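Visitor: First, the structure itself, so that you have it in front of you.
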């Protein structure tokens, strides 16, 4: 029997109005566990962020090893900060507040502990697999399919525990924080399942069932809403609970809370396509994303105003209370981020900002300011209540606040400056009408002072994290030898609801609507409330997604575009494993400054066999959509072995292991088979992928030797990488007559093997 059950079964101590009161206790042990996990993973994730910031400032910090390169550590950093730090912070606050708002212990202590240990196991699995190169190459969804399945299981356990607690609650009305928790739990489940549908090609390799335009659409439907429903709505729920607690006053406006919640839930889900302006995505889709993003200004700022005005009458406390300082800056950062996000979605602004560090600055304003400071304020408020002692040092709290605040300012100012500099330099023309900075590395060199300033700002924020951790540990050490477990008394819900203070209906329809009794009725019916929330999310998602899949004209086919050969597919998989997509885009936008720098703009039909798409979201290095045939095969070999030997001042990591590590030819067959299962017309390659790969490898290796390069590469990973690089963008350049002589993989093989040898003549 659980402790919750035994507590509830104890004889009631009192009766109120003839009703026996239930006696129970709250499970704060799991809250303490999540709190420490928040601290540990926050430090780990931010240290990983500091390391990759150093790698951009000086490539020496890649340590010349494949496992610690920028491409492999960048997704480790984002996953650790989002799902480990912010995720555990959400669970900390949710487990504490849910029990008290519902006047009920969590339904199952076992599920609570399963959720905790399962989530930490998932984080450890991510920390091990990402540096090893196991990734799906999807932004914020990089983890491979076994871990995705584990996430689904753990999330379902959390959801079951939460909703069963909601059902057995002793508080009739569900408070606004619970609304946001419901939306977060439901929507994250939907996003995770549908974005991660894939076909496994091995234990830690899979291919998305979506391709090209559809995959890009699905990814940013997920990616933006992962920010919305994992980093925004959960923390809004925490804001609505902990900020009034700290201010010792009610939320400013109930009606504004209603408007904030429903408009956010319905409109946020549409916003993802604004990440794909001027790409191969159909223009209608990105325009819809822009319109809904701009409309998000209103509910987002409604939430910010509701949060800040909750401090009415308590502003004098802010000067003395560091907890309130953290909350004020956190909510302000939320307002800044949610102003900037819609602004960045406007096409003219996005044309400058996309692929630049401006987006990175925007993200970190939200992550460091909103998520970070709300977490710090919440944890500091919880410490004396969870550890049943006074916080060890209030002065350390103040010091943490000011160091972290200055760190954020230095960080975002540096990266905003870097982003605007990038955008302006890329599009600059001289008086002759030529690109003012034709060499991409010129822009990189200009950013170095800003990158070092970012390192300084990030270091200050991490120093604040260590102060935070020190204060937590010292407070924990002062805890009593045995925690007191208060017994709570509350009346069970009555079988029927009787309004204690009936509201006289207004004479007009608008008046009755404005009385919001309809919403109070929803709050008394949590299952109905959950269903309505789910419907809002699903309807918005379907209106956005279905046309892209149903209207074939959105993705016109190109006859000359063929699947990758088995060897090129192996090279593409290596490109993904190394995380090259974190630095390079493969999407030339239809701007003159891009077509002159990179070549012909990208077409939707070019990526119909791309599982997953690799359009990218950032250009630390140049776009590679038209890379094929630009340089000889040997140039690529030298470039991978030592980028600075062929491009002075490059910050790209070196990949000498490509020349020494053998290529798994036999493993290529399973990957080709998996690609065929998702609809790629591979023809003969389905049966003889390894032989086809070896034949193409021999041709490319011979071409490298003819160019004066090393021998003995025909069975190494380097050959696959060269084959892939030389294929990029070549399909729309080939002779159409020659192209029609083959089909499926056979035609692709001919085009690609030609690319491998033709590269030497350039």
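The values are calculated or read from the model by the stated rules, or taken from the named source; none is laboratory data. These numbers were taken from a predicted model, which means no experiment stands behind them. Every residue, glycine among them, receives a Cβ derived from its backbone with ideal geometry; neighbour counts consider all protein chains shown.
Visitor: Go over the candidates 53, 7 one by one and state the one that is at pLDDT below 95 and in a helix (DSSP H, G or I).
Guide: From the options 53, 7, the qualifying one is 7.
Visitor: For residues that are in a loop (DSSP other than H, G, I, E, B) and over 16 Å from the mean Cα position of the chain (by Cα), scanning just segment 117-148, find the one that is surrounded by the fewest Cβ atoms within 10 Å (Cβ to Cβ).
Guide: Among those residues, the one meeting the criterion is 132.
Visitor: Condition first: touching a helix residue (DSSP H, G or I) at 6+ places or on another chain (Cβ under 6 Å) and within 20 Å of residue 359 (Cα to Cα). Now tell me which residues in segment 427-443 satisfy that.
Guide: Those that are touching a helix residue (DSSP H, G or I) at 6+ places or on another chain (Cβ under 6 Å) and within 20 Å of residue 359 (Cα to Cα): 427, 443.
Visitor: For segment 522-538, enumerate the residues that are in a helix (DSSP H, G or I) and either in contact (Cβ under 8 Å) with a residue 12 or more places away in the chain or within 16 Å of residue 169 (Cβ to Cβ) (or both).
Guide: 522, 523, 526, 527, 528, 529, 530, 533, 534, 536, 537, 538
Visitor: Follow-up question, since we're still on this one. With respect to the numbered conditions (1) assigned to a helix (DSSP H, G or I); (2) within 23 Å of residue 128 (Cβ to Cβ); (3) in contact with a strand residue (DSSP E or B) (Cβ under 6 Å, 6 or more places away or on another chain), which one is the sole condition not fulfilled by residue 155?
Guide: That leaves (3) as the condition not met.
Visitor: From the residues in segment 304-348 that are without any contact (Cβ under 8 Å) to a residue 24 or more places away in the chain and assigned by TED's automatic domain parsing to the domain that holds residue 396, which one is farthest from residue 271 (Cα to Cα)?
Guide: The qualifying residue farthest from residue 271 (Cα to Cα) is 348.
Visitor: While we're here: Does residue 550 satisfy the criteria of being free of Cβ contacts under 8 Å to residues at least 40 places away in the same chain, farther than 21 Å from residue 270 by Cβ and either under 23 Å from the mean Cα position of the chain (by Cα) or loosely packed, with under 14 Cβ neighbours inside 10 Å (or both)?
Guide: no
Visitor: Would you mind finding the one in 628, 621, 683 that is farther than 29 Å from residue 598 by Cα and buried (at least 17 other Cβ atoms within 10 Å of the Cβ)?
Guide: None of the other options fit; the residue is 683.
Visitor: Okay, moving on. So residue 721 clears everything in (1) part of a loop (DSSP other than H, G, I, E, B); (2) within 26 Å of residue 581 (Cα to Cα); (3) modelled with pLDDT of 95 or more except one condition, right? Which one?
Guide: The number of the failed condition is (1).
Visitor: On to the next question. I'd like the residue in segment 615-653 that is closer than 22 Å to residue 697 by Cβ and part of a loop (DSSP other than H, G, I, E, B) and, out of all such residues, is farthest from the chain's Cα centre (by Cα).
Guide: If we take residues in segment 615-653 being closer than 22 Å to residue 697 by Cβ and part of a loop (DSSP other than H, G, I, E, B), then 632 is farthest from the chain's Cα centre (by Cα).
Visitor: Would you confirm whether any residue within segment 104-116 is under 30 Å from residue 642 (Cβ atoms) and not in a helix (DSSP H, G or I)?
Guide: No; the residues of segment 104-116 include none that is under 30 Å from residue 642 (Cβ atoms) and not in a helix (DSSP H, G or I).
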